[in-house]
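Undergrad: Quick one: this structure, given as structure tokens, is what I'll be asking you about.
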Number of protein chains: 2
Amino acid sequence: MPEKVDLLLTGGAVVTMNAAYDLYENGAVAVQGDSIVAVGPADEVAAAYDAAEVVDCTGQVIMPGLVNAHTHVPMTLLRGLNDDLRLDVWLGYLMPLEREFVTPAFVKLGTRIACAEMIRSGITSFADMYYFEEAIAEETAVIGMRALLGQTILIFPAPDAPTYEDGLILCRRFIEKWNGHELIQPAVSPHAWYTATPELLRACADLARAFDVPLHTHIAETRFEVDSCREQHNMPTIPWNAKNGVLDTKLLAAHCVHLDRGEMYDLEKAGAGVAHCPTSNLKLASGIAAVGQMLEMNLNVGVGTDGPASNNDLDMFEEVRLAALLAKTQSNDPTVLPARQALELATIRGAKAMHMDDVTGSLEVGKRADIAVVDMDGVHNQPHFNNHADAVYSRLVYAAKSTDVAHVMCNGRWLMRDRDLLTVDEAQAKADAAQVAEEIDAFVLERESSPYNKLVLLSGVQRQESFEIQVKVPIADDASVLAAIDGDQLEIVKRSHYKQYDQYFMFDRHDPDAARLRYREDEFVNDAGEVFQARSRLTLIGEEERQAFPNAVMLSRSRFLAEADRTLRFYREYFDPMAEVEVHKDRRRWRVLYQGTDFAINLDDVTRPQMDGYFLEIKSRTWSRTDAERKAELMTELLELLGVDPETAVTEDYAGLAFAAM
Amino acid sequence: MPEKVDLLLTGGAVVTMNAAYDLYENGAVAVQGDSIVAVGPADEVAAAYDAAEVVDCTGQVIMPGLVNAHTHVPMTLLRGLNDDLRLDVWLGYLMPLEREFVTPAFVKLGTRIACAEMIRSGITSFADMYYFEEAIAEETAVIGMRALLGQTILIFPAPDAPTYEDGLILCRRFIEKWNGHELIQPAVSPHAWYTATPELLRACADLARAFDVPLHTHIAETRFEVDSCREQHNMPTIPWNAKNGVLDTKLLAAHCVHLDRGEMYDLEKAGAGVAHCPTSNLKLASGIAAVGQMLEMNLNVGVGTDGPASNNDLDMFEEVRLAALLAKTQSNDPTVLPARQALELATIRGAKAMHMDDVTGSLEVGKRADIAVVDMDGVHNQPHFNNHADAVYSRLVYAAKSTDVAHVMCNGRWLMRDRDLLTVDEAQAKADAAQVAEEIDAFVLERESSPYNKLVLLSGVQRQESFEIQVKVPIADDASVLAAIDGDQLEIVKRSHYKQYDQYFMFDRHDPDAARLRYREDEFVNDAGEVFQARSRLTLIGEEERQAFPNAVMLSRSRFLAEADRTLRFYREYFDPMAEVEVHKDRRRWRVLYQGTDFAINLDDVTRPQMDGYFLEIKSRTWSRTDAERKAELMTELLELLGVDPETAVTEDYAGLAFAAM
């Protein structure tokens, strides 16, 4: 007596991707509820089950839904916005835009577009990392895809969290809400070690372990990143992440382009997953990951498209083909990453990398019904050879296209039938996206005429983002300050003395706080009072975000630096500012340790415009609100120690003061 | 009064790829006969022309048909047959198969499948190189695509030419017949310098110049090839080709993966085109061509898919995207080969590389109407940004798919409308291809159980192909021979002496000429008669093709060599021969020059099975029938000089003689 089931997919070549790589040339898959209840030869399965719905897959391949192991789905809305740029310029271009546009509604729309594209490409599971991950989860669950979703946490102000502590709180709430959901696996996503402090990494690892959820982060994407890690921490990236607890989690490490064998071994030992993103790594000139070596060590490598701003699509057929091709040239061996193994990366091994292989990645009894049915009759995939079992993998990996995918099911629910999307209103999503694109176009076009873009066009820039607590106090006399500095409560780390000649280009006469460009000549002065070195730099100072603390402010601002290798006259003509402000000052500077904390003290004599007395500035870098509060308190103590009344602090910077004095 | 024309494509974004990169956001193209008569803003063109047919392209891109600068179209019929192999194994697998199956009918069918796929991918022009190019030309012209077709010429026996001289004759006839055709540009295609003699290269270059047609060849595909060239000719590949006249032609050089800057400069100076084949180069682990450098020198680089046996598709959208991505990582600079320039490689620059830019590659008045119309509304290509002019190139290169191509026209004739192919019966072609695949499957499955495949599976092989003229004479006594060798008519280049212990595995008892496997131990003997060195090798000797000359035969045969690192017992069990023949002999060998020509003389004393007297063998490598005739004459003279009667020559080899003696 046949058992009743919901669905029978039958007559196709079933590519199971189970441990034995079982293939059924004329096979069938039976589905009951959200799960697979049978996989095998068509006649056997048909005899054993009586299905409410039977789908004839003759001439097609029935395979596991593909697994996209690393992406940033909302970035579909930034697709093709700015290509062919250097990473720093690209980030400089993108990040302010993200801060302007990224909202829960934005990420939901981006998720919708991405899911539509991914379903069309046969993907049923993906690993994401972005802002407002809560909204991404809601949208993904409604559409019905499976996902590992990581709430991004980093030291810079994010669209959804001004500090990383806010990010951690958001992430904990996100996990509490979604953990155990049938489709959504929440995760902790510190963006990367280089946008984290050790405390942040540690806190993320603790959070991931506390809830037994994966941790999804970027590691070793660029040579520069790895060099920086060695420089800053005297070790490569995996040991540094390990030292901060990251390898003690269910880790999914994206990119891993620049690892040595020891690091690969450590990842394998830690049971970590790697998301290999070949298109993104090529497009940003990051390099080619040594996937062949990783697989020799049996590392769980998946394949990811990365975000559509660096790809520019979410096509796993393209991605897995590229992975298979690149691995051969990377290892100088055309037998590396053959078709079957490449498909494994895009299915079961990708699921392992995401720590979700208990539910997806292969067609096996007991797993969720995550299935793609692929047409094989396109002229681009003719003829079919059948003299060896691996021919079907060759067809799928080297010749099939995402547009060959006919039907997609996730968790037992149809998401696409005969190329019709069933859970996304694609036309509406496209119209909504067009609207967003129009707004972004307007924003960008306005910025086109901005000093920022002109600076980029001129010479390229380096980006610096600072998050600084500071206080500035006018004082009549420097004697008490100098005496206190030489006292025994401060440890002086470094002294310097220089003359600064600043020319500020202002672009908005009515708002002295708006973005401005500074042309600065620094003359370094030795003990004998002689200038021994000079340099010129351009700095574009973004609009500041200020947060007040007692007697101090915390500033978060972005700066774009460029060597100034042309004359002031040239820059004046080129940038055509609305106004200019000149500030000359004599600066004595001390880096000191007070109560074990690092501060910079500037004692400035402003000579142009002539200002009476001196300005005392105390500054310190900070990464979090709690740290800023503590430093604000220490700075108040420090002002008192230097004999200065904290109540007399001013908040304007020199350009503002000088502008007011004009 | 508007001028009457045949066709107006209007309302789309016209991407002209002309020298100014003109774009018309709402543009139109007017076509009369085979040519473009207007390109411009839609309203202007509509006002000026009254068209018999108007195609509304709103929301689409109207662009030049893509140019596939290097392929082997009949190899669609070998797609996916044998992937993920080393080049030597791959060739060893493929070449006997080509000899078995490649006929005019085969190449026509393969061309049909390829053209269907290429038209679907927006390609209107391609550069091919294969056997029976005449048949490819006929099929291509009927289908209506534009092509540069090169008749392959090489020193090995080809399916359509037993010697290269036959190939040259075939090529000349091909050119005479097709030169001046509106779609087909015939070309001369020496396969590569390493499958050519200097005379062959020179003859090809002369032929190309005589008819002013392009010369299409493979250059610098692998590191091994370049190293071999330096070793054999003391120079890299471009100078060697230049030395033999190849750069004095309208050259299209495929691959060019391993060139130095000087070679690139020489190509540029020669006005040569380069066909960059990124997928093929990755898949065979050949490397990544330095396209960024080539473009800095303004070299005419096009993009090619290569044959579908090493790709495995003919998708120029994939190919140009990969070219753009790879160039960035190859040069460690993400700004290299930006989208617009990448598209240029796939259109006008590709046409220049093929020396056909006078008629195709861009949408310009006076050029032939080679046009692709591409849908841009797929969800994978949303949203559209318009804040800079290059956005459309980003969409086309980084996100569009070949399946987005809606209409294709070549030479003013529609080849595809709304994805319907108008000049290929795709269903019939697919059915025919399935039939061929079945035959190949059967051939391969039979071979599966063959010593060849067993040898490949065991250890991989090196392939050698020889084309040899030889004579063998039994003699009673060696005295007159030894005296003559020491005489003054021969110049001795090298002497050697060794003992050979051969074990032949026979797989067909009834045909001693059939393929056999030889296990050979060579013991090298010094002047004192002591063995000073030994080696063991396996050689799979293919069925010989024999051609008789007076007193001599010309043999062409393929051999597959492998180091024999296991015991005879192992090989006996593994290969399970039907019969074995043992031949031991003492061989004295001289390499001599006679009348300036290189010959090998063997004086063999066969000790097992014991044979009376000696065997005298004279051999020489040859590349052509004329050369073989000349050498056969010289060998007759040489036999007389050695005091041996030419009339007593035997034709059987030692295995055959021993087999007969058993």
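Undergrad: Quick check: is even one residue across region A:485-494 at pLDDT 85 or above, surrounded by 15 or more Cβ atoms within 10 Å (Cβ to Cβ) and assigned to a helix (DSSP H, G or I)?
TA: There is at least one residue in region A:485-494 that is at pLDDT 85 or above, surrounded by 15 or more Cβ atoms within 10 Å (Cβ to Cβ) and assigned to a helix (DSSP H, G or I).
Undergrad: Right, something else. Got at least one residue in region A:191-209 being touching a Lys or Arg at 6+ places or on another chain (Cβ under 8 Å) and buried (at least 16 other Cβ atoms within 10 Å of the Cβ)?
TA: yes
Undergrad: Can you name every one of the helices (runs of 4 or more DSSP H) wholly within region A:79-184 that holds 1 or more residues which are within 14 Å of chain B (Cβ to nearest Cβ)?
TA: Numbers: elements: A:87-101, A:104-120, A:133-143, A:164-178.
In region A:79-184, the matching helices (runs of 4 or more DSSP H) lie at A:87-101, A:104-120, A:133-143.
Undergrad: Moving to a separate point now. Just for region B:386-396: of the residues that are facing another protein chain (nearest Cβ under 7 Å) and part of a helix (DSSP H, G or I), which one is surrounded by the fewest Cβ atoms within 10 Å (Cβ to Cβ)? Break it down stepwise before answering.
TA: Looking only at region B:386-396, we keep the residues that are facing another protein chain (nearest Cβ under 7 Å), and these are B:386-387, B:391, B:394-395.
Add one more test, that the residue is part of a helix (DSSP H, G or I), and what stays is B:391, B:394-395.
On the way: B:ALA391: 19, B:SER394: 27, B:ARG395: 24.
Of everything passing the filter in region B:386-396, B:ALA391 is surrounded by the fewest Cβ atoms within 10 Å (Cβ to Cβ).
Undergrad: For region A:13-63, which strands (runs of 3 or more DSSP E) that fit wholly inside it have 1 or more residues that are more than 36 Å from the chain's Cα centre (by Cα) and polar (S, T, N, Q)?
TA: Details: elements: A:23-32, A:35-41, A:49-56.
The qualifying strands (runs of 3 or more DSSP E) are A:23-32.
Undergrad: Taking into account only those residues within region B:304-331 that are of a type in the set (Gly, Ala, Ser) and either part of a helix (DSSP H, G or I) or surrounded by 24 or more Cβ atoms within 10 Å (Cβ to Cβ) (or both), which is farthest from the other protein chains (Cβ to nearest Cβ)?
TA: In the first step, residues of region B:304-331 are kept if they are of a type in the set (Gly, Ala, Ser); the result is B:304, B:307, B:309-310, B:323-324, B:327, B:331.
Among the residues that remain, those that are also either part of a helix (DSSP H, G or I) or surrounded by 24 or more Cβ atoms within 10 Å (Cβ to Cβ) (or both) are: B:304, B:307, B:309-310, B:323-324, B:327.
On the way: B:GLY304: 15, B:GLY307: 13, B:ALA309: 10, B:SER310: 9, B:ALA323: 11, B:ALA324: 8, B:ALA327: 9 Å.
Taking the candidates together, the pick is B:GLY304.
Undergrad: Here's a follow-up. Residue pairs, Cβ under 7 Å, 6 or more apart or interchain, first in region B:359-385 and closer than 29 Å to A:ASP432 by Cα and within 14 Å of chain A (Cβ to nearest Cβ), second part of a loop (DSSP other than H, G, I, E, B) and among the acidic types (Asp, Glu). List them.
TA: B:HIS380/A:ASP313; B:HIS380/A:ASP315
Undergrad: Residues that are within 21 Å of B:ALA290 (Cα to Cα) and buried (at least 20 other Cβ atoms within 10 Å of the Cβ): does region B:226-235 have at least one? Explain how you work it out, then say what you get.
TA: Going residue by residue through region B:226-235, those that are within 21 Å of B:ALA290 (Cα to Cα) are B:226-230, B:235.
Retained after the next criterion (residues that are buried (at least 20 other Cβ atoms within 10 Å of the Cβ)): B:226, B:229.
Yes, there is a match, as at least one residue in region B:226-235 is within 21 Å of B:ALA290 (Cα to Cα) and buried (at least 20 other Cβ atoms within 10 Å of the Cβ).
Undergrad: Follow-up. Give me the pairs, please: first residue somewhere in region A:284-301 and facing another protein chain (nearest Cβ under 10 Å), second residue anywhere and small (Gly, Ala, Ser), beta-carbon distance under 9 Å, and either six or more positions apart or on two chains.
TA: Every condition considered, the pairs that remain are A:LEU284/A:SER310; A:ALA285/B:SER331; A:SER286/A:SER280; A:ILE288/A:ALA327.
Undergrad: A further question on this structure: What are the pairs with Cβ atoms under 6 angstrom where one residue, in region B:1-16, is modelled with pLDDT of 95 or more and the other, located anywhere, is part of a strand (DSSP E or B) and of a type in the set (S, T, N, Q)? Sequence gap at least six, or different chains.
TA: B:VAL5/B:GLN32; B:ASP6/B:GLN32; B:GLY12/B:GLN60
Undergrad: What is the one condition in (1) surrounded by 24 or more Cβ atoms within 10 Å (Cβ to Cβ); (2) facing chain A (nearest Cβ under 7 Å); (3) among the polar types (S, T, N, Q) that B:THR335 does not satisfy?
TA: Going through the list (1) surrounded by 24 or more Cβ atoms within 10 Å (Cβ to Cβ); (2) facing chain A (nearest Cβ under 7 Å); (3) among the polar types (S, T, N, Q), B:THR335 breaks only (1).
Undergrad: Additional query: Being over 22 Å from A:ASP313 (Cβ atoms) and touching a Pro at 6+ places or on another chain (Cβ under 7 Å) is the filter here; which residues of region A:121-136 pass it?
TA: Answer for region A:121-136, where residues must be over 22 Å from A:ASP313 (Cβ atoms) and touching a Pro at 6+ places or on another chain (Cβ under 7 Å): A:PHE132, A:ALA135.
Undergrad: Pairs, please: C-beta under 7 Å, at least 6 apart or cross-chain, first residue without any contact (Cβ under 8 Å) to a residue 40 or more places away in the chain and in region B:174-188, second among the aromatic types (Phe, Trp, Tyr)?
TA: Taking only residues 6 or more apart or on different chains, the pairs are B:ILE175/B:PHE211; B:ASN179/B:PHE211.
Undergrad: Could you list, in sequence order, the residues of region A:588-612 that are in a strand (DSSP E or B) and within 39 Å of the chain's Cα centre (by Cα)? Give the steps one after another, and end with the answer.
TA: Of region A:588-612, the ones in a strand (DSSP E or B) are A:588-594, A:597-608, A:610.
If the condition is that a residue be in a strand (DSSP E or B) and within 39 Å of the chain's Cα centre (by Cα), then A:ARG589, A:TRP590, A:ARG591, A:VAL592, A:LEU593, A:TYR594, A:THR597, A:ASP598, A:PHE599, A:ALA600, A:ILE601, A:ASN602 are the ones that fit.
Undergrad: Does any residue in region B:122-134 that is not assigned by TED's automatic domain parsing to the domain that holds B:ASP166 come within less than 7 Å, Cβ to Cβ, of a residue that is crowded, with 24+ Cβ neighbours inside 10 Å and at pLDDT below 95 six or more places away or on a different chain, and which pairs are these?
TA: Here the result reads none, with nothing in region B:122-134 linked to a residue that is crowded, with 24+ Cβ neighbours inside 10 Å and at pLDDT below 95.
Undergrad: Among the residues of region B:204-213, is any closer than 29 Å to B:GLU318 by Cβ and basic (Lys, Arg)? Lay out the reasoning, then the answer.
TA: The initial filter retains those residues of region B:204-213 that are closer than 29 Å to B:GLU318 by Cβ, namely none.
No, every residue in region B:204-213 fails to be closer than 29 Å to B:GLU318 by Cβ and basic (Lys, Arg).
Undergrad: For region B:338-358, give me the residue count where each residue is farther than 18 Å from B:GLY271 by Cβ and within 14 Å of another protein chain (Cβ to nearest Cβ).
TA: From region B:338-358, those farther than 18 Å from B:GLY271 by Cβ are B:338-343, B:346-347; that's our starting set.
Filter once more, keeping what is within 14 Å of another protein chain (Cβ to nearest Cβ): B:338-343.
Matching residues across region B:338-358 total 6.
Undergrad: Moving on. Which number in (1) modelled with pLDDT under 95; (2) β-branched (Val, Ile, Thr); (3) closer than 20 Å to A:THR124 by Cβ marks the one condition that A:VAL320 misses?
TA: (1)
Undergrad: Tell me, which residue of region B:18-30 that is of a type in the set (A, V, I, L, M) and surrounded by fewer than 24 Cβ atoms within 10 Å (Cβ to Cβ) is nearest to B:ASP375 (Cα to Cα)?
TA: Within region B:18-30, the first condition is being of a type in the set (A, V, I, L, M), and the residues that meet it are B:19-20, B:23, B:28-30.
Among the residues that remain, those that are also surrounded by fewer than 24 Cβ atoms within 10 Å (Cβ to Cβ) are: B:19-20, B:23.
On the way: B:ALA19: 24, B:ALA20: 24, B:LEU23: 17 Å.
Applying the filter and picking the extreme gives B:LEU23.
Undergrad: Identify, from the list A:ALA431, A:ALA399, the residue that is in contact with a helix residue (DSSP H, G or I) (Cβ under 8 Å, 6 or more places away or on another chain) and either within 12 Å of another protein chain (Cβ to nearest Cβ) or within 23 Å of A:PRO334 (Cα to Cα) (or both).
TA: Details: A:ALA431 fails: in contact with a helix residue (DSSP H, G or I) (Cβ under 8 Å, 6 or more places away or on another chain).
Result of the check over A:ALA431, A:ALA399: A:ALA399.
Let's see how each residue does on (1) in a loop (DSSP other than H, G, I, E, B); (2) not acidic (Asp, Glu):
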{"residue": "B:HIS258", "(1), (2)": "yes, yes"}
{"residue": "B:GLU263", "(1), (2)": "no, no"}
{"residue": "B:ASN281", "(1), (2)": "no, yes"}
{"residue": "B:ILE288", "(1), (2)": "yes, yes"}
{"residue": "B:GLY302", "(1), (2)": "no, yes"}
{"residue": "B:ARG340", "(1), (2)": "no, yes"}
{"residue": "B:LYS352", "(1), (2)": "no, yes"}
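Undergrad: Something else about it: Let me confirm something: among B:PHE615, B:PHE570, which residue is over 30 Å from B:GLU165 (Cβ atoms), in a helix (DSSP H, G or I) and in the same structural domain as B:ILE492 (by TED's automatic domain parsing)?
TA: Numbers: B:PHE615 fails: in a helix (DSSP H, G or I).
Sole residue among the options that is over 30 Å from B:GLU165 (Cβ atoms), in a helix (DSSP H, G or I) and in the same structural domain as B:ILE492 (by TED's automatic domain parsing): B:PHE570.
Undergrad: I've got another one for you. Condition check: assigned by TED's automatic domain parsing to the domain that holds A:LEU517, more than 16 Å from A:ILE475 (Cβ to Cβ) and in contact with a Phe, Trp or Tyr (Cβ under 8 Å, 6 or more places away or on another chain). Does A:VAL592 satisfy that? Give the derivation first.
TA: Details: assigned by TED's automatic domain parsing to the domain that holds A:LEU517: yes; more than 16 Å from A:ILE475 (Cβ to Cβ): yes; in contact with a Phe, Trp or Tyr (Cβ under 8 Å, 6 or more places away or on another chain): yes.
The answer is yes for A:VAL592.
Undergrad: Continuing with the same structure: Would you say A:ASP502 is out of contact with any Pro (no Cβ under 8 Å at 6 or more places or on another chain), surrounded by 12 or more Cβ atoms within 10 Å (Cβ to Cβ) and in a strand (DSSP E or B)?
TA: Numbers: out of contact with any Pro (no Cβ under 8 Å at 6 or more places or on another chain): yes; surrounded by 12 or more Cβ atoms within 10 Å (Cβ to Cβ): yes; in a strand (DSSP E or B): yes.
Considered against the rule, which asks whether it is out of contact with any Pro (no Cβ under 8 Å at 6 or more places or on another chain), surrounded by 12 or more Cβ atoms within 10 Å (Cβ to Cβ) and in a strand (DSSP E or B), A:ASP502 comes out as yes.
Undergrad: Now, a different point. Every residue in region B:471-484 that is among the hydrophobic types (A, V, I, L, M, F, W, C) and crowded, with 17+ Cβ neighbours inside 10 Å, please.
TA: If the condition is that a residue be among the hydrophobic types (A, V, I, L, M, F, W, C) and crowded, with 17+ Cβ neighbours inside 10 Å, then B:VAL471, B:VAL473, B:ILE475, B:VAL481, B:ALA484 are the ones that fit.
Undergrad: Write out, first by first residue and then by second, each pair whose Cβ atoms fall under 9 Å of each other, whose residues are 6+ apart or on separate chains, and whose first residue, in region B:256-273, is without any contact (Cβ under 8 Å) to a residue 60 or more places away in the chain and more than 20 Å from B:PHE224 (Cβ to Cβ) while the second is basic (Lys, Arg) and surrounded by fewer than 15 Cβ atoms within 10 Å (Cβ to Cβ).
TA: Sorted first by the residue in region B:256-273, then by its partner, the list stays empty.
Undergrad: Let me ask something additional. Are any residues in region A:403-451 touching a residue at least 60 places away in the same chain (Cβ under 8 Å) and assigned to a strand (DSSP E or B), and if so, which ones?
TA: Within region A:403-451, A:VAL405, A:ALA406, A:HIS407, A:VAL408, A:MET409, A:CYS410, A:ARG413, A:LEU415, A:MET416, A:LEU421 qualify.
The values are calculated or read from the model by the stated rules, or taken from the named source; none is laboratory data. Keep in mind that what you see is a predicted model, and the values were worked out from it rather than measured. Please note: Cβ atoms are built from the backbone with ideal geometry, for glycine as well, and neighbour counts cover all protein chains shown.
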